[in-house]
Amino acid sequence: MDKSWMHADRRSKAYEFGVEAFLNFAVENLLTTTHIRCPCVKCVNLKLFGVGIIRDHVYFNGIDESYKNWTFHGEPWEATTNASRNVEEDDGHGRYSFVSEEIDMDDNDFGDFGSDPYEFANVIGDGDQPVYPGCRKYTKLSALVKLYNSKAKHGMSDVYFTELLILQGDLLPEENTIPTSIYEAKQTLCALGLSYEKMHACPNDCILYRKEYEDSTNCPTCGISRWKEGKDSILKEGVPAKVVWYFPPIPRFKRMFQSHETAKSLTWHAARKSIDGQMSHPADSPS
């Protein structure tokens, strides 16, 4: 998608058409018109508004030109690092096992990220980077994971968390790697998530609006409308009555097989052979 309009004059037609294209893109991907992150220079994706308010903000305040990858509005994440794509093991244990032990995040915070399993290895490259030169206890990633875990545990707002990150950066020695905003923090953490797909569904669970039903507006089984009905009994076209989330297994298997130890466990039943010819485990018998 052309994003050159973000740098254009706000009075120009190019900017006007760009704003409308962006809003349509966000609504189409997020399936909502009322809870969308505002990318203006004042809100910087920290506040949720409806389409009308966001349009006003983007015109009056201008759009954040550093927001090049629209990850908060449905655009797939693109890895920006060139870290090694090989996740190695140390002493038979996961090199980055702290991630699974500490992380406790809501997938809603990140949207559809991690569609490429190698993004995990790319971002994990930050795990070797100390929080500040000479620090041995925490790396950038482990510190960020703990901080974000505290945010989720204690219900910190995005604004408060951003101020906390700034304060942490001021307290630590110079050349520290603590991000200065929640947007920057989520850019680092987003690859820890995995992709999912949102599908429109019949409210009575008859069908999914995909394949031959992708363009249907009514359920062929029960006849109920695909769209949500408002309080005034008027259908809100474009707003689905029901959405289901599909979690593709293939990216998850790829993520698991990146670890030698996990891969060994996943293939144990197929690789295990009976040594003495006796059945000592159900895996020894075809039945």
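The values are calculated or read from the model by the stated rules, or taken from the named source; none is laboratory data. Worth saying up front: this structure is predicted, and the values here are computed from it rather than measured. Neighbour counts run over all protein chains shown; Cβ positions are idealised from the backbone, glycine included. Ligands, DNA and RNA are stripped out before the accessible areas are found, and what is left, the full protein with its side chains, is counted by its heavy atoms. Shrake-Rupley method; radii C 1.70, N 1.55, O 1.52, S 1.80 Å.
Below, the figures for the structure above:
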| read-out | value |
| --- | --- |
| Top-ranked residue in region 246-285 [being among the hydrophobic types (A, V, I, L, M, F, W, C) and open to solvent by less than 60 Å² (accessible area, probe 1.4 Å); ranked as nearest to residue 201 (Cα to Cα)] | 263 |
| Where residue 228 falls short, out of the listed (1) open to solvent by less than 90 Å² (accessible area, probe 1.4 Å); (2) closer than 29 Å to residue 204 by Cα | (1) |
| Looking only at region 194-220, and only at residues there that are aromatic (Phe, Trp, Tyr) and within 20 Å of residue 32 (Cβ to Cβ), the one that is surrounded by the most Cβ atoms within 10 Å (Cβ to Cβ) | 209 |
| First in region 239-266 and farther than 30 Å from residue 26 by Cα, second anywhere and among the aromatic types (Phe, Trp, Tyr) and part of a helix (DSSP H, G or I), Cβ under 6 Å, 6 or more apart | 263/257 |
| Unique residue being aliphatic (A, V, I, L, M), within 25 Å of the chain's Cα centre (by Cα) and modelled with pLDDT of 80 or more when the list is 194, 208 | 208 |
| Any hit, region 111-129, residues being of a type outside the set (D, E, K, R), crowded, with 16+ Cβ neighbours inside 10 Å, modelled with pLDDT of 85 or more and part of a helix (DSSP H, G or I) | no |
| Every residue from region 32-42 that is part of a loop (DSSP other than H, G, I, E, B) and either at pLDDT 90 or above or of a type in the set (A, V, I, L, M) (or both) | 38, 39, 41 |
| Among the residues listed as 45, 29, 24, the single one being assigned to a loop (DSSP other than H, G, I, E, B), within 22 Å of the chain's Cα centre (by Cα) and under 29 Å from residue 200 (Cα atoms) | 45 |
| Residue among 184, 174 that is charged (D, E, K, R) and either touching a Leu at 6+ places or on another chain (Cβ under 6 Å) or within 25 Å of residue 76 (Cα to Cα) (or both) | 184 |
| Matching residues in region 48-65 - criterion: being part of a loop (DSSP other than H, G, I, E, B) and either open to solvent by less than 70 Å² (accessible area, probe 1.4 Å) or aromatic (Phe, Trp, Tyr) (or both) | 50, 61, 62, 64 |
| Residues of region 7-20 satisfying the condition of being in contact with a Phe, Trp or Tyr (Cβ under 8 Å, 6 or more places away or on another chain) and assigned to a helix (DSSP H, G or I) | 14, 15, 17, 18, 19 |
